[in-house]
Amino acid sequence: MSSPARPVRVRIAPSPTGDPHVGTAYMALFNHVFARQQGGQFILRIEDTDQTRARADSEQMIFDALRWLGLSWDEGPDIGGPYGPYRQSERKAIYREHVGRLVAGGHAYRCFCTAERLAEVRAEQQARKASVLGYDRHCRGLDRADAERRAAAGEAHTVRLAMPLTGTIRVDDRLRGAVDFDVAQIDDQVLLKSDGMPTYHLANVVDDHLMEITHVIRAEEWISSTPKHVALYQAFGWEPPAWHHLPLLRNADRSKISKRKNPVSINYYRDVGILPQALVNFLGLMGWSFGDDREKFTVDEMVAAFAWDKVSLGGPVFDLDKLTWLNEKYLHELSHDQLVDALHAWRFSRAYLLKLAPLVRERIKRLDELVPLTEYFFSGDLDYTPVLADLAVPDVPPAGVAQGLLAYLDKVEARDGWDAAMLEEVGRAWATELGWKTKHAFMVLRLVVAARKASPPVFDVMAVLGKEVTRRRLRQAADLLARRA
RNA sequence: GGCCCCAUAGUCUAGCGGUUAGGACGUCGGCCUCUCACGCCGAAAACAAGGGUUCAAGUCCCUUUGGGGUCACCA
């Protein structure tokens with residue numbers, strides 16, 4: 001922004017820790033639109049520095065979901081580019097070298113504090129209701145040569161940023177104006193973890209600089225860590241990008257959108273038959289408008305009309321009803337041919353029927369029984385009213401059943417992949433743990449996913465139904481049971 | 001709790017000192033119609049509160065209230 005000749009380069013940096021998130025799509029849309037309008041580049045960078053949370057199939061799902069939405073990128077791990085690698089786990093040497101520079105310059109220091117000590121410090125601060133929580137800078141005063149010796153000897157440690165001790169740091173947010181932070185509020189952030197991986201803060205600053213990112217367009221939740229990033233830019237002697245913090249998508253209760261309260265996986269919307277152009281359009285309506293009454297528009301139209309001053313900062317509630325209305329508009333616009341294509345891409349494909357075939361083959365006496373038998377595979381939310389009485393486990397109150405269902409969900413989500421064997425393995429362990437007979441436990445699951453007492457093996461049903469729809473049904477049923485209690 | 005952000009109907013939003021505060025979703029009513037849906041017409045529904053500034057405040061400033069975010073070897 002400071003030198004107008006510099007081409008606009010923006011990025012999104014999702015971490016592959018689960019399902020492709022609508023928040024990722026939301027940020028991708030605004031980055032993509034701005035880059036295209038400015039004739040710049042949009043970069044996709046994978047922030048996979050947390051090995052404990054990384055999920056094997058997650059990265060590919062992010063690519064697929066964004067492609068499905070039509071939000072293309074110019075550089076990324078899958079297509080390469082002149083600023084690669086675009087996967088942070090492949091850039092460890094770069095971060096290490098930069099941290100070395102910081103330490104040498106006195107802008108960072110090695111910290112040998114154990115997780116236990118940090119927990120104690122935190123507990124102590126909470127106990128005395130300290131106004132400012134955070135690291136107590138215990139290792140900041142360590143003799144430098146001594147610290148280097150300990151590190152060289154292999155002693156486990158992290159590297160922390162030595163924040164300025166007095167003064168304020170100004171974040172010039174392009175959407176809100178200047179935001180000042182008192183450095184007394186900010187502790188010495190870990191830059192390099194003891195496993196040698198960088199934290200987000202370090203990796204993000206180093207990569208944004210090296211990749212020549214000009215505008216950081218990200219969610220509002222980052223705004224309070226931005227002063228740390230600004231301090232890092234200062235420590236490196238680099239010029240920070242232009243900051244744009246967009247509002248957070250919200251649940252109906254206005255908290256930050258979360259899977260506990262709202263479907264957040266892009267795959268969910270795909271699986272219940274939302275068209276990609278409707279989802280993208282809807283996301284464009286969240287926090288942005290043409291300035292007139294236009295609500296239905298394409299990405300191209302948004303690119304043509306985009307302006308930062310048309311962004312509103314109140315956190316928008318993600319309203320499924322309005323998304324559905326928009327989807328209806330797009331659906332009605334399709335030709336018969338296109339409708340059939342959409343249905344085919346959704347569930348009426350040979351591939352999907354092939355998944356259904358083994359489940360129904362022995363259960364139908366005539367072909368005309370297929371549809372009534374498999375209706376719940378082609379439905380979104382189910383109506384549990386007819387089976388409400390059966391949706392129970394002997395001697396367990398409804399609230400307990402609800403909790404049990406959510407517990408199953410948690411266990412299953414902690415695992416990679418989605419197949420019947422895994423689902424059953426988790427299911428058996430879960431039933432044992434709760435002390436529920438498998439017969440009862442599995443019947444409840446069956447009623448949740450199929451809303452009927454007769455179905456193919458429940459874990460096969462869940463496998464074909466997919467994670468998103470299964471998750472939603474478990475939550476809906478749990479909510480229903482919790483409300484009855 | 002500290003710090004930071006935000007504030008027009010239940011929801012998404014227009015408004016950028018002078019408007020009967022506009023549009024959309026949802027809700028309700030009606031029309032159309034063999035049914036349903038679509039479509040069309042209509043209704044109820046908002047400037048969080050209090051102080052300023054100004055001839056004039058939804059619009060500018062302050063305070064309060066409310067909501068949110070953040071305070072990890074997660075991003």
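The values are calculated or read from the model by the stated rules, or taken from the named source; none is laboratory data. Please read these numbers as outputs of a predicted model, since none were measured by experiment. Backbone-built Cβ (ideal geometry, glycine too); neighbour counts: all protein chains shown.
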**OP:** List every residue pair whose Cβ atoms lie under 7 Å apart, where the two residues are 6 or more positions apart in sequence or sit on different chains, the first residue falls within region A:451-464 and is at positive phi and among the hydrophobic types (A, V, I, L, M, F, W, C), and the second residue, located anywhere, is assigned to a loop (DSSP other than H, G, I, E, B) and surrounded by fewer than 19 Cβ atoms within 10 Å (Cβ to Cβ).
**Re:** A:Ala451/A:Asp383; A:Ala451/A:Tyr384
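Provide a single number: the residues in region A:217-257 that are in a loop (DSSP other than H, G, I, E, B) and either at pLDDT below 95 or more than 30 Å from A:Arg475 (Cβ to Cβ) (or both).
Of the residues in region A:217-257, the ones in a loop (DSSP other than H, G, I, E, B) are A:237-241, A:247-249, A:251-255, A:257.
If we keep only those that are either at pLDDT below 95 or more than 30 Å from A:Arg475 (Cβ to Cβ) (or both) too, we end up with A:237-241.
Summing the residues that are in a loop (DSSP other than H, G, I, E, B) and either at pLDDT below 95 or more than 30 Å from A:Arg475 (Cβ to Cβ) (or both) in region A:217-257 gives 5.
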Original post:
Pick from region A:382-427 the residues that are without any contact (Cβ under 8 Å) to a residue 60 or more places away in the chain and touching a strand residue (DSSP E or B) at 6+ places or on another chain (Cβ under 8 Å): which of them is farthest from A:Lys355 (Cα to Cα)?
Top reply: A:Gly400
Original post:
What about A:Gly435, is it in contact with an Asp or Glu (Cβ under 7 Å, 6 or more places away or on another chain) and surrounded by fewer than 16 Cβ atoms within 10 Å (Cβ to Cβ)?
Top reply: no
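Evaluate the following for A:Val159: is it buried (at least 17 other Cβ atoms within 10 Å of the Cβ) and near RNA strand B (Cβ under 9 Å from one of its atoms)? I'd like the intermediate steps shown before the answer.
Working: buried (at least 17 other Cβ atoms within 10 Å of the Cβ): yes; near RNA strand B (Cβ under 9 Å from one of its atoms): no.
Considered against the rule, which asks whether it is buried (at least 17 other Cβ atoms within 10 Å of the Cβ) and near RNA strand B (Cβ under 9 Å from one of its atoms), A:Val159 comes out as no.
Restrict the check to region A:226-238 and report whether at least one residue is within 24 Å of the chain's Cα centre (by Cα), farther than 20 Å from A:Arg6 by Cβ, basic (Lys, Arg) and crowded, with 20+ Cβ neighbours inside 10 Å.
yes
Name the residue that is nearest to the chain's Cα centre (by Cα), counting only residues in region A:252-261 that are surrounded by fewer than 17 Cβ atoms within 10 Å (Cβ to Cβ) and near RNA strand B (Cβ under 9 Å from one of its atoms). Spell out the reasoning first.
The initial filter retains those residues of region A:252-261 that are surrounded by fewer than 17 Cβ atoms within 10 Å (Cβ to Cβ), namely A:252-256, A:258, A:260-261.
From the residues that got through so far, the ones that are near RNA strand B (Cβ under 9 Å from one of its atoms) too are A:252-256, A:258.
Numbers: A:Ala252: 18, A:Asp253: 19, A:Arg254: 18, A:Ser255: 15, A:Lys256: 12, A:Ser258: 9 Å.
Taking the candidates together, the pick is A:Ser258.
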Original post:
Is there any pair with a first residue in region A:244-259 that is over 9 Å from A:Phe318 (Cα atoms) and a second that is assigned to a loop (DSSP other than H, G, I, E, B) and among the aliphatic types (A, V, I, L, M) whose Cβ atoms are under 6 Å apart and which are 6 or more apart or on different chains, and what are they?
Top reply: A:His244/A:Leu175; A:Pro247/A:Leu313; A:Lys256/A:Leu248
Original post:
From A:Val426, A:Val387, A:Val401, which residue is of a type in the set (Val, Ile, Thr), surrounded by 13 or more Cβ atoms within 10 Å (Cβ to Cβ) and modelled with pLDDT under 95?
Top reply: A:Val387
**OP:** Look through A:Ala351, A:Ala357, A:Ala307 and report the one residue that is within 16 Å of RNA strand B (Cβ to nearest atom), among the aliphatic types (A, V, I, L, M) and exposed (fewer than 14 other Cβ atoms within 10 Å of the Cβ).
**Re:** A:Ala307
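So that you can scan it fast, the table gives a plain yes or no per residue for (1) of a type in the set (D, E, K, R); (2) under 18 Å from A:Ala108 (Cβ atoms):
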site	(1), (2)
A:Leu202	no, yes
A:Glu220	yes, no
A:Ile274	no, no
A:Ala278	no, no
**OP:** May I ask you to verify whether A:Leu313 is part of a loop (DSSP other than H, G, I, E, B), within 7 Å of RNA strand B (Cβ to nearest atom) and within 16 Å of the chain's Cα centre (by Cα)?
**Re:** no
Original post:
How do the pairs read when you match residues in region A:266-294 that are among the charged types (D, E, K, R) with residues anywhere that are more than 8 Å from RNA strand B (Cβ to nearest atom) and in a loop (DSSP other than H, G, I, E, B), using Cβ under 6 Å and keeping only pairs 6 or more apart or on different chains?
Top reply: A:Asp271/A:Gly466
Original post:
Name the residues in region A:172-186 that are more than 6 Å from RNA strand B (Cβ to nearest atom) and either touching a Leu at 6+ places or on another chain (Cβ under 9 Å) or small (Gly, Ala, Ser) (or both), would you?
Top reply: A:Leu175, A:Gly177, A:Ala178, A:Val183, A:Ala184
